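The values are calculated or read from the model by the stated rules, or taken from the named source; none is laboratory data. Everything numeric here is computed off the predicted structure, so don't read it as measured data. Virtual Cβ from ideal backbone geometry, glycine too; neighbours counted across all protein chains shown.
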Amino acid sequence: MRKTAATIQALLLCLTLAAQYASDSIFTHVDQMPYFMGCEALRSGTEEKRKCADQEMVRFISRHLVYPDSAITMGIQGTVYVSFVVDEAGKVQRPNLLIDIGGGCGAAALDVIREMPDWEPGLRYGHPVKVKLNLPIQFFLKNIEKDVAEPYSLTWGDLKGQDATRQELLKNLENAVTVRGPEGDNRHIAELSFLYEKNGKTAVAKSHGEVNEELKKIARKAKKGGRFTISASTLDKGQFISVSRSFEIIQ
């Protein structure tokens, strides 16, 4: 593998799940979520420090992530989803691959997680605790500009905004997921995935574009307090474009 002039973006997946103990005392949301190192001089709990920490994490991943030669050769692009735990001492533990796109990208994403420095641990009632984080890492080749995916839109039935109820999801089970291009034209979906997260647990299923029974099972798991994400990959002039939407389940 070698480093390449690729556009690689990484953003922390927004965590809004209710705080509660998992079987091994790992939280998914606490009073103060962990901070990536580099912003220690800023006051904790401020928007400024959160923004700074997220930017430092993105810089770290951009510097250390290696785009696999095999993925470059095969033209593989898209989003890899990983999870990891920041323990009471700020150590990164339990890196886990949630969604892979092949070509060695999943392994490359896990490698950069293992190379991360210590974080500022998350706090619950003022005490450090273990916190699980989910992170999408995008692999795009250098001829894909940062804003290429922006003109694309993803819809599933009549779902709107960033919130949805379980009944709204179930009502759309027989509807197809649609991706529209910059001109408003329907695009063929090469890969479709449903991801559901709640209380530190994750369920994922993928298809070749259809909402099959495996994807429907993921949607049926949705309950209040969870997060449901739809991701789709489509081709544009021989290049893969990844489009996604997330919904907070409100009832």
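So which of LEU173, LEU195, LEU154, LEU159 is surrounded by 16 or more Cβ atoms within 10 Å (Cβ to Cβ) and not in a strand (DSSP E or B)?
LEU159
Restricting to the stretch 68-114, name every residue that is in contact (Cβ under 8 Å) with a residue 60 or more places away in the chain and either under 19 Å from ALA53 (Cα atoms) or in contact with a helix residue (DSSP H, G or I) (Cβ under 7 Å, 6 or more places away or on another chain) (or both).
Residues satisfying the conditions are PRO68, ALA71, ILE76, SER83, GLY104.
Exactly one of (1) over 21 Å from the mean Cα position of the chain (by Cα); (2) at pLDDT 85 or above; (3) surrounded by fewer than 17 Cβ atoms within 10 Å (Cβ to Cβ); (4) part of a loop (DSSP other than H, G, I, E, B) is unmet by ASP24. Its number?
(2)
Would you please name the residue that is modelled with the lowest pLDDT, looking only at residues in the stretch 133-146 that are within 18 Å of ALA232 (Cα to Cα) and under 18 Å from the mean Cα position of the chain (by Cα)?
Per the stated criteria, the residue is LYS146.
Does the stretch 76-99 include one or more residues that are modelled with pLDDT under 90, out of contact with any Lys or Arg (no Cβ under 9 Å at 6 or more places or on another chain), farther than 26 Å from PHE27 by Cβ and part of a helix (DSSP H, G or I)?
No: the stretch 76-99 contains no residue that is modelled with pLDDT under 90, out of contact with any Lys or Arg (no Cβ under 9 Å at 6 or more places or on another chain), farther than 26 Å from PHE27 by Cβ and part of a helix (DSSP H, G or I).
Conditions: (1) surrounded by 15 or more Cβ atoms within 10 Å (Cβ to Cβ); (2) in contact (Cβ under 8 Å) with a residue 60 or more places away in the chain. TYR125 meets all but one. Number of the miss?
Result: TYR125 passes all but (1).
Take the stretch 214-238 and flag every residue that is in a loop (DSSP other than H, G, I, E, B) and of a type in the set (Gly, Ala, Ser).
ALA222, GLY225, GLY226, GLY238, listed by residue number.
Take the residues of the stretch 181-210 that are free of Cβ contacts under 8 Å to residues at least 40 places away in the same chain and among the aliphatic types (A, V, I, L, M): which is nearest to VAL131 (Cα to Cα)?
Top of the filtered list is ALA203.
On the basis of being outside any helix (DSSP H, G or I), surrounded by 16 or more Cβ atoms within 10 Å (Cβ to Cβ) and under 19 Å from the mean Cα position of the chain (by Cα), does VAL211 make the cut?
Spelling it out, it is not the case that VAL211 is outside any helix (DSSP H, G or I), surrounded by 16 or more Cβ atoms within 10 Å (Cβ to Cβ) and under 19 Å from the mean Cα position of the chain (by Cα).
When the residues of the stretch 31-55 are filtered to those that are among the charged types (D, E, K, R) and over 23 Å from the mean Cα position of the chain (by Cα), which remaining residue is farthest from GLU115 (Cα to Cα)?
Filtering first and then ranking leaves ARG43.
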